[in-house]
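Working notes for the structure below.
What follows draws every value from the coordinates through simple rules; no lab data is involved. Values in this document were obtained by computation on a predicted structure and should not be read as measured data. Reconstructed Cβ throughout: ideal geometry from the backbone, glycine too, with neighbour counts over all protein chains shown.
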Amino acid sequence: MLYHYLDGKNWRHIYLVGDLHGCKSMLDSQLLTCRFDPQQDLLVAVGDLIDRGPDSMGCLSLLQAPWFRSVRGNHEEMALNAIHHGAHQQWIRNGGDWFYQLQGAQMIEAKHALSLCNQLPLILHILLDGRVVVVAHADYPAAHYSWGAEVDPYEVVWSRARIERVQNGRGGKIAGADDFYFGHTPLSSPLHAFNLHYIDTGAVFGNTLTLVQIQ
């Protein structure tokens, strides 16, 4: 699934969270602080729920929570490529070693949880009272956003070309939507430029986990 649509009218508050990478307890603490209500609110992740951190399984369990949505990150992509196509070494080199330490029922549970990543969209289109917010893991690789437009899926989950242009003082906004939120590139603090927002603040590397309220 490339695109998925969400209507903000269905929730009281909507929050976005940066790359989790297994940092489930940090997320729980943030949700307590903002008084997140799972009956009324929605949490949207920018992908990379798994790897490197202490609780990849805990973060994968969020995929079954009715109050949670996520786009697919490159770490989910690596996990699926390892399980379905045998590309194990790339995943292991990038933090997937936790999976290979599991045995028996735990391994079966992990495979089932990771299979849910197959259903994750690459791009979330969120309608907020006339505004359109787009969420993707690494980039929306086009100058103009359009619902359903063909884009390169690899660049959506892997590309750092746009953020590198922004960091070098170049680049500009993406037309066609009001705001774009991405993760993928760990930063010391969120980066906001034009209508682009990069919110992976390297929680798994000892930094803070960024939570942003968009409604």
Does anyone have the angle between helix 24-33 and the longest principal axis of the chain? Alpha-carbon axes, 0 to 90°, nearest 10?
40 degrees
Note down the relative contact order for the range 3-213 as a percent, whole number, built from C-alpha pairs under 8 angstrom at least six residues apart.
24 percent
Here the net charge surrounding MET78, from other residues whose Cβ is less than 14 Å away from its Cβ (Lys, Arg +1; Asp, Glu -1), is -3
Here, ALA143 and SER25, labelled 7 Å along Cα→Cβ, have an inter-label distance in nm of 4.9 nm
Cα gyration tensor of the chain diagonalised, 5x eigenvalues square-rooted, in angstrom largest first, produces semi-axes 26, 20, 17
Simple spin-label estimate for PHE205/LYS9, 7 Å along Cα→Cβ, in nm, reads 4.2 nm
Partner lysines for LYS24 [C-alpha distance under 26 Å; skip if fewer than 8 residues away on the same chain]
LYS111
On a 0 to 90° scale, report how tilted helix 104-115 is relative to the longest principal axis of the chain, with both axes built from alpha carbons and the result rounded to the nearest 10.
20 degrees
Mean ellipticity per residue at 222 nm, deg cm²/dmol - from DSSP H runs of n ≥ 4 across the chain, formula -39500 (n - 2.57):
-7500 deg cm²/dmol
HN-Hα J in Hz across the range 6-22 - Karplus 6.51, -1.76, 1.60, θ = phi - 60°, x for Gly and Pro
10, 9, x, 4, 7, 9, 6, 10, 10, 10, 10, 10, x, 3, 7, 6, x
Identify the trypsin sites (Lys or Arg not before Pro) of the range 144-215 meeting these criteria: DSSP loop state and at most 12 other C-beta atoms within 10 Å of the C-beta.
ARG170
Largest-first semi-axes in Å of the equivalent ellipsoid built from the Cα gyration tensor of the range 90-145 are 34, 15, 8
Multiply the residue gap between GLN213 and VAL132 by 0.36 nm, knock off their C-alpha separation, and tell me the result in nm, one decimal place.
27.7 nm
May I ask for the angle, rounded to the nearest 10°, between helix 74-85 and the longest principal axis of the chain, with both axes built from Cα atoms and the value confined to 0 to 90°?
40 degrees
J(HN,Hα) series, the range 52-58, from Karplus relation 6.51 cos²θ - 1.76 cosθ + 1.60, nearest Hz, glycine and proline x
6, x, x, 9, 4, 5, x
Does a label point 7 Å from the Cα of ASP152, set along Cα-to-beta-carbon, have any residues of the range 81-98 with amide nitrogen under 20 Å, and which are they?
81
